[in-house]
Structures are given as C-alpha cells and as structure tokens.
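This report concerns only the one structure given below.
The values are calculated or read from the model by the stated rules, or taken from the named source; none is laboratory data. Predicted model only: the values in this text are computed from it and were never measured. Cβ placement follows ideal geometry from the backbone for every residue including glycine, while neighbour counts extend to all protein chains displayed.
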C-alpha cells in the first residue's frame, strides 16, 4: 500500500488536499479514514522546564471505497482544510506551539491490524505561489482567505540615531545624565502611504538576572533563577491622533525629534554572565489593522559610570585591618596588619599599601600575594533569593614574607587600570560590582595559606586631600568634673522616699 500527497506540505485554511493511493499488496483495503489533528504544546521554564500537550481532532473524512489487492490503478480523493482554524506557529514561538498533523488510518479487515500513518503539515494564511518566487505582496491570488481581504500592509522601516553616553576622559554629571544635548531623531521611511494611530518612544533601563542550575538526586531537573529591577520607564509620544483617529502618512521619510533628561543616580551599564544592566530606546508605530502587530524598532545605549568619592566622607578615613592566625600545634599567633591611606580610590590612581608582620610563632611566611579583584554579584528573587558571584583579578603584586619569631614591614603599590568598571553597590542591589583586596600569605606545602579580603571602593573622581574632615568635639564637660569625690550612691530607703504613689489606684 503506497500513499502520496499531490499538494506541498504547506497549505492554507479552506484549501483542499489531494491524496493519491494504490494497493500492490495481497490484502484488500476496506476503507481509508483521514483526520486533521491539532497539537498544542505549552512549555514552562519556572520553576523547572516542563511541557504539557493538548491534542484534538479538527476534521475527519472517510473514503468508503476500498482498494482490491494487486490493484494497478491509482485512486484519488480530496480532504479540505477548515477555514476557521488557527495557523501554525511552531517556528516563531517556543512557549506556545500550534502544529498540525494528517492522520491516515487504513482498515484492512478483521484479521489484520489497521495501518496508521501521521504526516506533519503547515497551515498558513497566504498560499504557496508556484508561479513566481518569491511571492510579491502586491499580487495576491484570487483564492486567498477572507481574513486577507484587506489591503496587504507595507512594513515601515525605522532608522533611529544611535545613543552612546560614554564620553572620553572623566565625564561631568551634566554630560552623563542628559539625552537632550542634541535633539534625538526618529526617522520613519514608508514605501507606500500608511495608516496609523500614532508613534511613540519608550526609554527603559533595568537590571536583569537569569541563570539555570541542575538539581541532583532521584528526580533531576533544571531550576531557573530570575530577578528584575526597573530603574527607568518613560513613554514619549512623537505624534498621537486625537480620540484614536486613523491618520494616513504619505510615502516618504518622516522625521520626529524628541528630547529627554535622564534622572540622576542611574546605575551604569554592566554586562556579565548571569546578569546585565541595560538601557534601550524603542520606537513603536501604532497600526490600526486588527490582525496586524505594531511595528517596533529598538536600539541600546550605554551609560558611563561616574562616582565622585568626595561625596562620601567615610571613604576618606584611613583603613587599618588586623588579621590574626594561630597555626595548628602552635601557641603564638601571626598578626598581619594592612594599612591604606583611605578606602576609596579612582580610576588610574596608584594605591599605596603597607603590610606589617608580627610573627610570634615558629612558622615562616615565604611570600605575600596581593590581588585586586572585581566581584560581580547577581542576586535572584525567584524562586528563592540566591546570589551568584563572578570574580576576576584586575591587578596583582607580590612582596616578601617574614621569618619565624621576627617582625617585618613592606610598602607596595598597585596601579588601578583606567578602563574598568567602578563600584555600583550604592545604586543597584540586583547586579552589584564590588572590589576587594585579596591577601594570601604563603607558608609552605604542609600548611594552608592565610587568606583574607579587604573591601575597597573604586570611583571616577579621586579623593581631594586638601579637604579636611572636621570632627565635632563634644561640648559637655568632662565626667570627672560632674561626679564629686567620695559621694556614695543613695540607699534603698532614700530612693523609695522619692517615689510617689496614687492611693486611689
């Protein structure tokens, strides 16, 4: 038994399908039944990836004429696709997929199993043009479906000026936080007159976190961790018709200007493995046709990092960190002291580090390694709060160690690169950029190295040493002048006499 379709695998609603079959075997076919089945697949990604399927029969046609055994004739019959079914979307959407199959069932009698065959097909709105390749929208065939009876729209072409807020050198706040130094322009190019209801721009900035992990155990599955924090969401109408009236734009290039000032204290653009901080401008043309989608075009723009360290007085104070370690089978400690002039440094600045060793034990330190590390922390909110960290060594320096039962002091410097990201932990809690000084003292093969971290802040404007931090002195007199000498506290009887009780209560 051989079956073949005369039509291509792509059909439209209301279009017939012609099926050819012949029987060259020794079994007589009693009848053939053809069913159109719709298969809807729903796919979820949170808390884990899972699919749910829904199958239904749309139409069924039965061909009662059987085919005798060893028949040399070819038989034909037609199966018409209903006009009110949805089109296939398996190539455009992975979350909700609609697919169609033709199921053929051949009945061969009581003593033989029925033959079942499933053939996938595509159902669309516009038929395949066998005359010209490719199909031109202006030449719509006469047998197109009723829903395409309107004029075929011409897709507009958007051309938006590129945004980049990353000036060379050290940017000033006025240059950083404005988009209106020059008027921004949206160009709409139409090849034919086009009807629309309006045109607007969306300026949006957000921090997005997304990563997946596999769980281990009896039931293994993937868990997606996500989080989203919106900093900026502004809609600007370039033109809008009153009361949603339809306006026809002529076939030409239309230019629309707009200006917008960015708010202050926006986090700068960050891109990492598990999270990003992105900003984009999207132009949307409102289409009045019910079955058509609004035409959109978007571009990304960057916000450069800017942080004046002089605005935070706590960064000006000297930073002194003591780390004490007592080794196994040792009674005397090893004390490492780190001294920094302040805890805030700028891009391109040289960091002075003073390392002191007070080794009272019997273990010698071979060398000390100091690494400047950048830590990007991405925190998810769904399904649970979890943090994923990404560390990278920016600069490093190696200094000497200290012998047992001795003291040592070394001065070293680390130059901070000019082209790295600055700290942003004050403005964003979802995607954070922090810096640490990682100290590692190597003590030999038989013992674990000593490791500890010192957090620092990296900004754009260095700390000005000419500005003094004024510490207000207390105005109250000393405690010794208030308390007289040889004055005892009151006794219990004297303290009770000072209390007054209300006899009515």
Exactly one condition in (1) in a loop (DSSP other than H, G, I, E, B); (2) modelled with pLDDT under 90 is not met by residue 480; state its number. (1)
Here the residues within the stretch 304-344 that are in a strand (DSSP E or B), in contact (Cβ under 8 Å) with a residue 24 or more places away in the chain and either out of contact with any helix residue (DSSP H, G or I) (no Cβ under 8 Å at 6 or more places or on another chain) or assigned by TED's automatic domain parsing to the domain that holds residue 197 (or both) are 308, 319, 321, 323, 325, 334, 335, 336, 338, 340
Does residue 234 qualify as being modelled with pLDDT of 85 or more and surrounded by 15 or more Cβ atoms within 10 Å (Cβ to Cβ)? no
Could you tell me whether residue 267 is surrounded by 14 or more Cβ atoms within 10 Å (Cβ to Cβ), assigned to a loop (DSSP other than H, G, I, E, B) and not assigned by TED's automatic domain parsing to the domain that holds residue 422? yes
When you scan the stretch 119-132, do you find a residue that is exposed (fewer than 14 other Cβ atoms within 10 Å of the Cβ), modelled with pLDDT under 50 and either at negative phi or part of a strand (DSSP E or B) (or both), even just one? yes
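In this structure, does residue 61 turn out to be modelled with pLDDT of 75 or more, over 30 Å from residue 382 (Cβ atoms) and touching a strand residue (DSSP E or B) at 6+ places or on another chain (Cβ under 7 Å)?
Details: modelled with pLDDT of 75 or more: yes; over 30 Å from residue 382 (Cβ atoms): yes; touching a strand residue (DSSP E or B) at 6+ places or on another chain (Cβ under 7 Å): yes.
Against the criterion (modelled with pLDDT of 75 or more, over 30 Å from residue 382 (Cβ atoms) and touching a strand residue (DSSP E or B) at 6+ places or on another chain (Cβ under 7 Å)), residue 61 qualifies.
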Set 56, 105: member being surrounded by 14 or more Cβ atoms within 10 Å (Cβ to Cβ) and either at pLDDT 75 or above or farther than 30 Å from residue 381 by Cα (or both): 105
Flag for residue 461 being at pLDDT 80 or above and within 30 Å of residue 368 (Cβ to Cβ): no
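Table: residues versus (1) touching a strand residue (DSSP E or B) at 6+ places or on another chain (Cβ under 6 Å); (2) in contact (Cβ under 8 Å) with a residue 60 or more places away in the chain; (3) in a loop (DSSP other than H, G, I, E, B); (4) surrounded by fewer than 18 Cβ atoms within 10 Å (Cβ to Cβ).
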| residue | (1), (2), (3), (4) |
| --- | --- |
| 418 | no, yes, yes, yes |
| 422 | yes, yes, yes, no |
| 428 | yes, yes, yes, no |
| 437 | yes, yes, no, no |
| 440 | yes, yes, no, yes |
| 445 | no, no, yes, yes |
| 448 | no, no, yes, yes |
| 452 | yes, yes, no, yes |
| 457 | yes, yes, no, no |
Tell me yes or no: at least one residue of the stretch 364-383 is assigned to a loop (DSSP other than H, G, I, E, B) and within 25 Å of the chain's Cα centre (by Cα). yes
